[in-house]
Each structure stands twice: as structure tokens, then as C-alpha cells.
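Heads up, the thing below is written out as C-alpha cells.
The values are calculated or read from the model by the stated rules, or taken from the named source; none is laboratory data. No experiment lies behind these values; they were computed from the predicted model shown. Glycine also receives a Cβ, built like all others from the backbone with ideal geometry; neighbour counts cover every protein chain displayed. Ligands, DNA and RNA are stripped out before the accessible areas are found, and what is left, the full protein with its side chains, is counted by its heavy atoms. Shrake-Rupley method; radii C 1.70, N 1.55, O 1.52, S 1.80 Å.
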Amino acid sequence: QVQLVESGGGLVQPGGSLRLSCAVSGSISRIYAMGWYRQAPGKQRDLVARITSGGTTNYADSVKGRFTISRDNAKNTVYLQMNSLKSEDTAVYYCRADLMQDVGTPLQDYWGQGTQVTVSS
């Protein structure tokens, strides 16, 4: 059983900051890429930021220069530091991990339950 538990969401004023965390636990052999996605009401779920096991990152154009993704491989945890938040960043943020539970098993993606981020004055 694999679990992804997110934390750090909440209500923040425009221009403010939040830091999201996502801890992966359970039967895990190796975690490859980890990422953050978001879904606003009535819209599809989109990639926000992604980081490989080697530390290579990529970001959605809308968050470049404002958001930073990082990971602690020893803790199986990925973070998303969000600065200069805007109202359009309001969404449910989901963590994703691409991992193998055992050596030789298929690479699968697992998702967290989501955490609400609301940017409003």
C-alpha cells in the first residue's frame, strides 16, 4: 500500500507565500519523478512543477520565477514553495509520485488526496 499525504494548503492574501509538502509512505522500492498538479473549479488538472530523482525540474510557464519545487529523497518528500501568489493560483493542489513498489514491478503513478490553496484578500 502506498500513501501520499499532502499538507500546507490554506488561505493566503495576494502576494503571500505558502509551502506545500507531500510525504510518500508504504511499500516502495524506488521513487522516480515527483510533481505537483492543480485543478481549479471547472478546469482540467494541469502540471505545476515536476522534479526527477536526479533533481531536474520543469515548471508551468504561469509559475516560473514564483514557485520552486524540491525534494528530500531520504524522507520521500516533495515540496512546493509558492511565492508572490495570485488569485489565479487558487486551486486544489495534488501531489504525484511515479514509483516502483518492488524491483521488477511496473512503474506506476500515485496521487495524493489534494490540498486547497485559496488566494484572496
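Odds and ends about this structure:
- In Hz, Karplus ³J(HN,Hα) per residue of segment 56-61 (6.51, -1.76, 1.60; θ = phi - 60°; x = Gly, Pro): 6, 10, 8, 10, 5, 4
- Relative intensity, log₁₀ I(q)/I(0), of segment 75-120 from a Debye sum that treats every alpha carbon as a point, q = 0.17, 0.27, 0.29, 0.34 Å⁻¹: -0.64, -1.05, -1.12, -1.23
- Only lysines eight or more places from LYS43 in sequence, or on another chain, were considered; those with a Cα closer than 18 Å are LYS86.
- ³J(HN,Hα) computed for each position of segment 92-102 - Karplus, 6.51 cos²θ - 1.76 cosθ + 1.60, integer Hz, glycine/proline x: 8, 9, 10, 8, 9, 9, 9, 8, 10, 6, 9
- With N counted as the residues of segment 45-107, its alpha-carbon radius of gyration over 2.2 N^0.38 Å works out to 1.27.
- Rolling a 1.4 Å probe over the heavy atoms of the protein chains gives the chain an accessible area of 53 Å² per residue.
- Placing +1 on the Cβ of every Lys and Arg and -1 on the Cβ of every Asp and Glu, with no other charges, gives the chain a dipole of roughly 200 debye about its Cα centre.
- Overall dimensions of segment 3-50 as given by Cα atoms, namely Rg and Dmax in Å: 13.4, 40
- Percent RCO, i.e. relative contact order, over the chain, from Cα pairs under 8 Å lying at least 6 residues apart: 36 percent
- Amide H within-cut-off set for GLN101, under 5 Å, with H built and near neighbours excluded: SER29
- Here the accessible area is traced with a 1.4 Å probe on the protein chains. For the chain, carbon and sulfur cover 45 percent of it.
- The slack in the chain from ARG45 to LYS86, taken as 0.36 nm per residue of separation less the alpha-carbon distance, amounts to 13.0 nm.
- For the chain, the equivalent ellipsoid derived from the alpha-carbon gyration tensor has semi-axes of 26, 14, 12 Å in decreasing order.
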